[in-house]
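As structure tokens, the structure follows; a few thoughts come after it.
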Amino acid sequence: MAPTSKVEADAVRWLDDHDPELRATLDRFVEIPSISTDPAHALDIARAAEFLARRLRTIGFGEVVIHPTSSHPILTAAWSGAGDAPTILVYGHYDVQPPDPLDQWASPPFEPTERDGRLYGRGLSDDKGPLMVALCAMEALLATTGRLPVNVRLLIEGSEELGSAGLEDFVVAHPDLVGADFLLSADGAMWRADLPSVTIAGRGMCALNVEVTGAKKDLHSGRYGGGVPNAAQVLVELIAGLHDPATGRVTVSGFYDGIAAPDAATRAAIAAIPFDEAAFFAGLGVTAGAGEEGYGFLERNWLRPTLEINGLTAGYGGPGFKTVIGARAEAKISCRLVPGQDPERILAALQADLRARCPDAVTLALTRKPGVAHPYALDPGHPGLTLAMAILEDLYETPAIAVRMGATIPIAEIFDRVFGMGTVFFSFSTSDEDYHAPNEFFRLSRWRDGLRAWVTYLVRLGEFDRAVFAGPSR
């Protein structure tokens with residue numbers, strides 16, 4: 001994609017000239033193990049927020065503030081020198097998932113390592129790499145022109161991997177810090193590396209921890225087996241009962257209430273997207289798909305709700321055998337939700353189902369994961385979306401497509417519901433980059449593509465009349 005103005009060309013040249021320093025900054029950011037779900041990393045969360053605050057001040061942003069919240073800190077900043085040009089709220093997050101299991105990483109998760117055109121490390125794809133793409137593009141424009149083409153507010157949170165716990169309370173309390181014509185997200189990966197895409201819808205989410213306790217301590221399986229409750233057996237029976245094995249549907253009463261069946265036009269549009277389902281499954285190492293009958297993978301992933309087991313712990317899990325009846329067993333469950341489902345209602349129904357089926361011989365403890373998210377959809381005619389797709393088409397010389405996402409980014413639904421503000425996802429990570437899994441990586445080609453595309457996006461957006469955006473005032 002050739003620059004269309006001197007402003008773009010100068011910024012892109014600056015990015016090329018300073019790439020080693022920018023990459024080194026990204027490395028330092030990834031080296032901070034800012035794991036939001038683990039209280040042992042609270043100081044690392046604080047270090048990551050301070051790292052970004054220092055970086056933003058160096059770039060040229062003002063009003064840089066780290067705000068304490070009911071969860072982890074939220075960072076805000078602003079650059080407001082573009083007069084009547086549009087105002088965007090740029091979003092990203094600095095927290096990451098745990099790196100476990102550590103023995104499956106080919107290199108240490110918090111030591112960025114380059115291999116075969118990829119940079120490996122926890123958080124590189126989700127979301128530290130894409131966030132740094134956005135910040136570096138703005139740094140290039142400020143360094144070469146002394147200004148940005150648009151007014152920019154930043155919102156960078158540390159609890160996205162916790163379902164953005166505390167985020168809604170924060171934005172409701174501070175509308176002056178987040179008001180904009182629309183939200184431009186550095187988070188939210190493209191669907192495929194071989195097909196430029198922009199996400200226009202995502203599923204909601206809620207999650208539950210399930211703990212079953214039998215005896216007050218572990219017991220010898222020979223002396224006690226068959227005569228005392230086995231927490232692991234009870235738990236797996238409860239878990240197995242959450243799905244109908246014949247249809248793949250969730251059996252929880254009321255789970256599908258309020259959901260409209262996908263219309264024929266939507267299903268036809270999805271069917272028209274180039275997608276080799278058999279090759280996709282083969283790449284994952286499975287022979288066939290699974291889930292709710294009557295739907296293909298993309299429909300299951302984009303249009304239908306799910307209930308998944310994310311973790312299961314019981315008894316002895318070390319090498320060899322230990323003939324023991326474990327005193328407790330634990331499962332982590334998450335549900336991805338579609339329009340018509342309310343996360344609080346789904347959690348209540350799931351808890352009621354588990355309690356009703358749990359035998360009296362054991363103790364059942366249910367704990368909700370902090371933060372829930374509702375489903376989200378963007379108007380496909382949104383001007384910010386149209387611009388993003390045009391830039392991607394220029395960059396990759398093939399038409400970009402609008403896709404849905406099976407995953408959840410709570411920020412979009414929150415801003416839509418609270419402020420009536422649309423969210424355009426403009427991330428250059430892709431869904432195959434093993435985020436949330438061992439050996440997460442970010443393609444270096446996507447790093448370079450993203451830097452150029454963000455520069456172009458900001459420059460071209462600066463030519464828009466604010467009147468085309470239906471959002472709150474600045």
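Things worth noting here:
- Qualifying residue in region 182-202 (condition: in contact (Cβ under 8 Å) with a residue 24 or more places away in the chain and closer than 18 Å to Leu366 by Cβ): no
- Scanning region 293-323 for residues that are touching an Asp or Glu at 6+ places or on another chain (Cβ under 7 Å), within 30 Å of Asp100 (Cβ to Cβ) and open to solvent by less than 40 Å² (accessible area, probe 1.4 Å) turns up just one, Arg304.
- Residues of region 267-291 that turn out to be free of Cβ contacts under 8 Å to residues at least 12 places away in the same chain and part of a loop (DSSP other than H, G, I, E, B), as a count: 6
- Residue satisfying condition, being touching a strand residue (DSSP E or B) at 6+ places or on another chain (Cβ under 6 Å), farther than 20 Å from Pro370 by Cα and aliphatic (A, V, I, L, M), within set Leu183, Leu195: Leu183
- Residue in region 316-326 that is hydrophobic (A, V, I, L, M, F, W, C) and within 25 Å of the chain's Cα centre (by Cα) present: no
- The single condition from (1) open to solvent by 70 Å² or more (accessible area, probe 1.4 Å); (2) touching a Gly at 6+ places or on another chain (Cβ under 6 Å); (3) not β-branched (Val, Ile, Thr) that Ala290 fails is (2).
- Count of region 180-200 residues, restricted to those that are open to solvent by less than 10 Å² (accessible area, probe 1.4 Å) and either more than 30 Å from Phe275 (Cβ to Cβ) or aliphatic (A, V, I, L, M) (or both), is 7.
A quick yes/no check of all residues on (1) farther than 30 Å from Ile59 by Cβ; (2) part of a strand (DSSP E or B):
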| site | (1), (2) |
| --- | --- |
| Cys136 | no, no |
| Pro149 | no, no |
| Leu154 | no, yes |
| Ala180 | no, no |
| Ala201 | yes, yes |
| Asn209 | yes, yes |
| Val252 | yes, no |
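The values are calculated or read from the model by the stated rules, or taken from the named source; none is laboratory data. Keep in mind the model is a prediction, meaning the values are calculated, not measured. All Cβ positions, even for glycine, are placed from backbone atoms using ideal geometry, and neighbour counts span all protein chains on display. Quick note on the areas: whole protein, heavy atoms, side chains included, nothing else; ligands and nucleic acids left out. Shrake-Rupley method; radii C 1.70, N 1.55, O 1.52, S 1.80 Å.
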